[in-house]
Structures are given as structure tokens and as C-alpha cells.
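Here the structure is laid out as C-alpha cells; the discussion comes afterwards.
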Amino acid sequence: MSGGDLVIERPEGLYCPPGDFYIDPWRPVDRAVITHAHGDHARMGHAHYLASVPSEGVLRARLGADITLQTLGYGESIEHHGVKLSLHPAGHVLGSAQVRLENGGQVWVASGDYFVSGPGDDNATCAPFEPVRCDCFITESTFGLPIYRWCPQREVFDDINAWWRGNAEAGRASLLMGYSFGKAQRILAGVDAGIGPIVVHGAVETLNRAYREAGVALPPTLNVMDVTDKALLKRALVVAPPSVHGSAWVRRFGDPSDAFASGWMQLRGARRRRGVDRGFVLSDHADWPGLQRAIAATGAQRVIVTHGYEAVMVRWLQEQGLQAGAFHTEYDDERHDAQEPATADAAMADAPDEVDAPEGAGMPDEADAADAEEGAE
Ligand SMILES: [Zn+2]
Ligand SMILES: [Zn+2]
């Protein structure tokens, strides 16, 4: 790394030398800028937190009401040791932000996790991704393989609604599992609440409260602990975290139809490995075309890739004539929930037949596969 870099790797996390602070550090530090409240990006134990205004409720719900937190509105800037810092929407979950840093005539942007897919296909539960011009863009790459291409969200929600309606007519509960922060609220905001009652796990309801307090419209939900009418459950959509799968918690629903909502459901084997009836491809991360579009929109000549299939993405960027490298990070949210393939090769072998990787798009060779990180969602 040359001397002027605004972000470098340190054992604690990504570090800004002139500003003397970290971005989403995985070890306790004095000053942490937090891109979003997923557990692997927002860890306990930092002395000072800086995050976006809309993330405050979810951050305090997850890390404790008493953390020392300064908030910044999107687009508002502060200066710290001569580094001008501002936060910009990432479209991933409520409050998610890209971090823009300006110092010594350079602009760097660290994306955190972000969602960009087809045109107009924004995440309804948070502000949409905003491209920020920069010299160097630090991008996530969770789904950075050509096989990952999301259908329009409307089609996914139509499938979910049809599945729920069919189950309700047959007197069977519909158990839909997805990460309790972000994915669950996205499901709630997207389904047709006219089909039947919506029942949620307590962990989901805690986050729903924070979303509603932040002004995000969600349909009415019942905490499962408050439901006394057992007949109601037979028509219900039940939204719960993946950890309930196979646990005693699901017995109260009798014999529910179960499903899993995740970007990993794009892969043929993922639903089978999960052992669920249905898999819905719904991700809070950019797909392969979305990553390409987002990176191009920054105008950055230098790109640093983090978490997930770095080698494939770095090679593709280099083929586009960009200066590209990778940072090793310790972000791993939902890694254990999703049972995604461990390597790029495994993912490719698992791709449905109808998804063809374009020519020259950077198919991984064996060396890449050995290097590829487990992705996360
Ligand atoms: Zn995340
Ligand atoms: Zn992440």
C-alpha cells in the first residue's frame, strides 16, 4: 500500500490512517464508523460509534441502548483530523451507508454491503443505493460471480404470495425463513397482506419495531407469543430467522410448508441442502450485473474488493482496465445460516442450467476457487 491510501488493512479492521478511525472493525477500537447494523459489521466493544441517522434504532436494538453513538444524516459531512467524512445510502438494510472520505485531493468510498439489481428494483425498506463519484471504491462482492442474477423483485413476491395463498387454502401454515434484520422486513413490505394474518418470531418483531419507529411502512404483524387462536396459524404467513429450522419452535404450526428466502437459493443445491419445500431468491446484496453497474457509476479507477469471491471479481475488474486488489475482511453475517457453497467452483457446479455465465466474464480456475472466500448474506 502506498503512503497516501485513505483506507488500509489492519488486524482490527479497515483503517483510515489520516483520520485515525476504523470502518466496520472486527476487533474493539476507539473510533468505529459503522456502515450498517448487521452483526459482522457492527460489533460490540468500540468506545465511539459513528453511523447514519436512520441506523440509530436498529444499532441500539442490537448493540445496546447505551453505546456512545454519534449520527450523521445522509449527505451531511464532518471533518476529523482533516478527513472530510460523509455517509450515503447503500440500499442494503435500514440505515445502511457507504462511507465517503476526502483528504489530500483524493476521494475514497467504502461501500459496506449494498443492494443494486435491475433498474427500479430498489429495496422498499430503506433509501436506495446512491452512486458516489470517487477515485477508489472499496466494494463488497458477496455475490460477485456471473451466475448471480436476480429476477425482478415483483416476480419473487408474486411467487411468495402464490405459495402462501395455496397453503392458506389448504389450511397449512407458511413458514418463511430469512435473516431477522433486513430480510424479514423486506419480505413483510413486499407480500400481499390481504392473503391472511402475518405472524412473526420475537427476534423479527424487535427489528420491526425499530423499522416502524424510523417511519418504514410494514403491514400489521402478530408476535407468535401473543397468538392464542390456533386456527389463525393455519392461514398465516410465519416469518422467522433460519435458526428455527428443525427446532421445537416450529411445532406449534403443525405441519407447515417451509421455505427459505436468500440469494443463495439461486443455486440448485441450496434448497435441497436446507431441506425446505421452497426457496425464494431474494437478496439484500447486489447481483453480478448490479455490482458492475455500481462500480462503473463511481467512476473509480481503482477498486478494492472485500468479502466474497474476491479473486473472480478482481480479475474481471483488471480485464476492464482498472487497478484492482482485495482486502481480507472478517465479515461473515448469515454464513452459517445460508449453507452457501464454500468456493466459487462449488457455486458454479451448483448453478441452475438456465443460468449461463457470459464468455470471458471471469470463470474461476482452480487457483481462484482455492482463494475464494465463503460469501455471506
Ligand atoms: Zn449486511
Ligand atoms: Zn457484509
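Which FRET efficiency, nearest 0.05, do S247 and D20 yield, Cβ-Cβ r, R0 35 Å?
Calculated transfer efficiency: 0.20.
Where both partners of a DSSP beta bridge lie in region 1-139, what percent of those bridges are antiparallel, to the nearest 5?
65 percent
Show me the ranking of peptides 224-232, 47-55 by mean Cβ neighbours inside 10 Å, starting with the highest.
Highest-to-lowest ranking by the protection proxy: 47-55, 224-232.
For the chain, with only Lys/Arg (+1) and Asp/Glu (-1) charged at the beta-carbon, what is the dipole magnitude about the Cα centre, in debye rounded to 20?
1300 debye
With the cut-off at 1.5 for a/c, could you classify region 153-280 from its C-alpha gyration tensor as rounded, prolate or oblate?
rounded
Can you list the residues, at least 5 places off or on another chain, whose amide H is less than 5 Å from the amide H of Y179, using H built in the peptide plane?
A184
Take every Cα pair under 8 Å in region 34-145 that's 6+ residues apart, average their separations, divide by the length, and report that relative contact order as a whole percent.
22 percent
Have a look at V200, P220, A259 and report the one farthest towards the positive end of the charge dipole of region 153-280, computed about the Cα centre with Cβ charges (Lys/Arg +1, Asp/Glu -1).
Most positive-ward Cα: A259.
Taking the Cα of R10, stepping 7 Å toward and past its beta carbon, and measuring to each backbone N in region 80-103: which are under 20 Å?
80-86, 99-103
Spelling out what I want: for every residue of region 65-81, take phi, set θ = phi - 60°, compute 6.51 cos²θ - 1.76 cosθ + 1.60 (Karplus), and round to whole Hz; glycine and proline get x.
Karplus values, whole Hz, x for Gly and Pro: 5, 9, 5, 7, 10, 9, 10, 10, x, 4, x, 7, 10, 10, 10, 9, 6.
Expected output is a single nm value to one decimal: the length gained when fully extending between Q70 and R268, i.e. 0.36 nm times separation in residues minus the C-alpha distance. What is it?
The span from Q70 to R268 would gain 66.9 nm if fully extended.
Express as a percent, rounded to the nearest 5, the fraction of DSSP beta bridges in the chain (both residues included) that run antiparallel.
Bridges in the chain that DSSP calls antiparallel: roughly 35 percent.
Build a GNM of the chain with springs between Cα atoms under 10 Å: which of S141, S180, S77 gets the top mean-square fluctuation?
Of S141, S180, S77, the Gaussian network model singles out S77 as fluctuating most.
Just want the answer: with Cβ charges of +1 for Lys and Arg and -1 for Asp and Glu, which residue in G82, G171, A311 is farthest toward the dipole's positive end in the chain?
G171
Applying the Karplus parametrisation 6.51 cos²θ - 1.76 cosθ + 1.60 with θ = phi - 60° to the phi angles of region 267-283, what ³J(HN,Hα) value in whole Hz is obtained for each residue in order, glycine and proline being reported as x?
Values per residue, Gly and Pro as x: 8, 3, x, 5, 5, 4, 5, 5, x, 10, 5, 9, x, 10, 7, 9, 10 Hz.
Using the Karplus equation 6.51 cos²θ - 1.76 cosθ + 1.60 (θ = phi - 60°), what ³J(HN,Hα) coupling, rounded to whole Hz, does each residue of region 223-240 give in order, writing x for Gly and Pro?
Values per residue, Gly and Pro as x: 6, 3, 5, 9, 8, 9, 7, 5, 5, 4, 5, 6, 10, 8, 8, 10, 10, 8 Hz.
Evaluate the relative contact order of the chain (contact order divided by residue number), counting alpha-carbon pairs under 8 angstrom at least 6 apart; express in whole percent.
Taking the mean separation of contacting Cα pairs over the length of the chain, I get 16 percent.
If I model a spin label at A124 and A170 as a point 7 Å from the Cα along the Cα→Cβ vector, what separation in nanometres do I get?
Computed distance between label sites A124 and A170 equals 2.6 nm.
What residues have an amide H closer than 5 Å to that of I138, excluding those fewer than 5 places away on the same chain, when H is modeled at 1.01 Å from N in the peptide plane?
Amide H neighbours of I138, under 5 Å, 5+ apart: V109, A110, S111, I304.
Quickly estimate the mean residue ellipticity at 222 nm for the chain, helices only: each DSSP H run with n ≥ 4 gives -39500 (n - 2.57), and the total goes over all residues, rounded to 500.
Rounded to the nearest 500, the figure is -7000 deg cm²/dmol.
What relative contact order, as a whole-number percentage, does region 153-280 give when Cα pairs under 8 Å and 6 or more residues apart are counted?
Normalised by residue count, the contact order of region 153-280 is 34 percent.
Highest first, please rank the peptides 303-311, 215-223 by the mean number of other Cβ atoms sitting within 10 Å of their residues.
303-311, 215-223
Whose amide H sits under 5 Å from the amide H of L222, counting only residues 5 or more places off or on another chain, with H placed in the peptide plane?
Result for L222 returns I198, V199, V200.
Order 168-175, 31-38, 234-241 from most to least packed using the mean count of other Cβ atoms within 10 Å.
Top to bottom by mean Cβ count within 10 Å: 31-38, 234-241, 168-175.
Quick note: the coordinates plus some simple rules give every number you see, no bench work behind them. From a predicted model like this one, the values you see are computed outputs, not experimental measurements. Cβ atoms come from the backbone with ideal geometry, glycine included; neighbour counts cover every protein chain shown.
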